[in-house]
Amino acid sequence: MIKVNAMEERRLHIGRAANVAEPKDRRFYRAFEIMPGLLAWLTLLMIIGLSFVAPVFMAIFIIVFDVYWLIKTVYLSLHLRESYKRMRANMKVNWLEKLEGLSAVDYRPPTIKSWRDVYHLIFLPVYREEYSVIAASVESLLKTNYPKSRLAVILCYEERGGENTARAVREIAQNYKKDFFELLAVKHPDGLSGEIPGKGSNAAYAAKIVKEELIDRLGIPYSHILVSNFDIDTVLFPEYFGVLTYTFLTSANPLRASYQPVPLYVNNIWEAPSFARVVAFSATFWHTIKQEKWENATTFSSHSMPFQALLDAGFWQTNMVSEDSRIFWQCFLRYDGDYRVVPLFYPVSMDANVAPGVFETFKNVYKQQRRWGYGVENIPYFLFGFWKNKAIPKLKKFYFGFTVIEGFHSWATNAIIIFILGWLPALVGGPAFNKTVLSFNLPHITRIIMIFAMLGLVSSAVLSIFLLPPRPPKFGRFKYLWMVLQWLLFPAATIIFGALPGLDAQTRLMFGKYMGFWATPKYRRSPKTE
């Protein structure tokens, strides 16, 4: 384990500006919190203002921006196709056989002599989920093609979830305890000092207990353990632990990497309203693309990492929202930039956002996207860390800083610029501008560019059909047609459930209106609720 001083330990667990001890440092951190939202609003306000006072310049800018967006769409579509092909190929491999074919000389971790030395610690944080949702995830663990004698399942549940949650966890523990190397239920007490209730604080509390009461008691080397922190609705495909173990054993410097699967939001996709399906598939496609663009990837949602790295980083932070990506930055700073994400090109399936009613689903989708957008809280965290840590190479600081900031800026602004503000110069440019050829052609040019860009949705629509789980009998074949036509909602969905919640999250951080963790309600219709 890497030893660090108390000051660095505190710095690695900053949740917001108020956690910074020194007044000067606190002001810098606060400035970093303000920056993303300020950049987004300045961009949008400048486009609006210049459309009035410099319509020719803005018209040219919008055409160039639309061309850039078209090129980027084509570029990302190629990555999507390639990543999807690799994922489908990996799903056909018997990874246990590949592990058996490895010899000790193939292993990169020096202390591991057999793949059977690798243990998997699986955290399933529970809040108020029903027995059926928890059981589906546990059942998927049982169906994996991997020795269950190397799987330890940790049901970490919230005290604030109430007696119904506690009862469901007890029933799960009783019904499945004998099926794994170990199955533990750990209750996370409510109201602990310095914590924000959520997945990170829940899992961190359980991990500390598991370290003392299971790992240290049995004497399992930390470097032999891989930790998977899954959302409770995560359902595994059969070869997940095989491909994870194989990738871990054969990757360069495997203890300095997290391992990221592709989240497919399809568990209940047939039940979701059309707009929720578009949002779910869009998220799936984006994270599929990120498997190809791994060089600037961070961890997201359900993923795996070495227990040694988790320990060196001081476990998941308990005082912020986006623990899934924050743990990457904790490790990145702790190891002086020597940490990365390794893509698995293998999926896990999760729930689309569905509620009992359409309006409630609408609200929940927005809240979920806003929580994801609140991952922007990592920008002040790593910028402050870059400023303090002189050992990280400057080029790496610039590369990660620029790509992450640009990504969040695009999230909050691009769709608004393309689908709304792109028409503004022709509307407000004034009589002089409206007499120009550029004014007359601007709507036609942008429309043509958008048509070509939207053709990329055709491939997305086709790909979404292949990602669908088996069609429930109650839905007719005509439902497949709606699965294609739903993509006509993409422009509106990208603004309402993309740009607006992203801008909302950045604005809240800018004004210091810090968010808490909002747990997405898990809802799956059963025959009894039809």
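Overview of results
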item: The range 483-497 residues that are closer than 11 Å to Tyr366 by Cα and in contact (Cβ under 8 Å) with a residue 60 or more places away in the chain, paired with ones that are of a type outside the set (Gly, Ala, Ser) and buried (at least 19 other Cβ atoms within 10 Å of the Cβ) (beta carbon under 6 Å, 6 or more apart); result: Ala493/Phe275; Ala493/Val278; Ala493/Val279; Phe497/Val279; Phe497/Val365; Phe497/Gln369
item: Residue match in the range 200-210 (condition: among the aromatic types (Phe, Trp, Tyr), part of a helix (DSSP H, G or I), within 22 Å of the chain's Cα centre (by Cα) and surrounded by fewer than 24 Cβ atoms within 10 Å (Cβ to Cβ)); result: yes
item: Residue, surrounded by the most Cβ atoms within 10 Å (Cβ to Cβ), within the range 389-404, restricted to residues that are free of Cβ contacts under 8 Å to residues at least 24 places away in the same chain and over 16 Å from Arg340 (Cα atoms); result: Phe402
item: Selected residue [exposed (fewer than 15 other Cβ atoms within 10 Å of the Cβ) and in contact with a strand residue (DSSP E or B) (Cβ under 9 Å, 6 or more places away or on another chain)] from Glu213, Glu171, Glu163, Glu159; result: Glu213
item: Val279 crowded, with 24+ Cβ neighbours inside 10 Å and not polar (S, T, N, Q); result: yes
item: Among the residues listed as Val278, Val341, Val262, the single one being of a type in the set (A, V, I, L, M) and over 15 Å from the mean Cα position of the chain (by Cα); result: Val278
item: Members of the range 307-345 found to be part of a helix (DSSP H, G or I), in contact with a Ser or Thr (Cβ under 8 Å, 6 or more places away or on another chain) and aliphatic (A, V, I, L, M), listed by number; result: Ala309, Ile327
item: Residues of the range 133-163 that turn out to be in a helix (DSSP H, G or I) and either without any contact (Cβ under 8 Å) to a residue 24 or more places away in the chain or of a type outside the set (A, V, I, L, M) (or both), as a count; result: 10
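Residues are listed down the side, and each one gets a yes or a no for (1) exposed (fewer than 15 other Cβ atoms within 10 Å of the Cβ); (2) at pLDDT below 80:
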residue	(1), (2)
Gly429	no, no
Ile465	yes, yes
Arg471	yes, no
Phe475	yes, no
Ala499	no, no
Thr507	no, no
Gly516	yes, no
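The values are calculated or read from the model by the stated rules, or taken from the named source; none is laboratory data. Keep in mind that this is a model prediction, so the values were computed, not measured. So basically every Cβ, Gly included, is an ideal-geometry build from the backbone, and we count neighbours across all protein chains shown.
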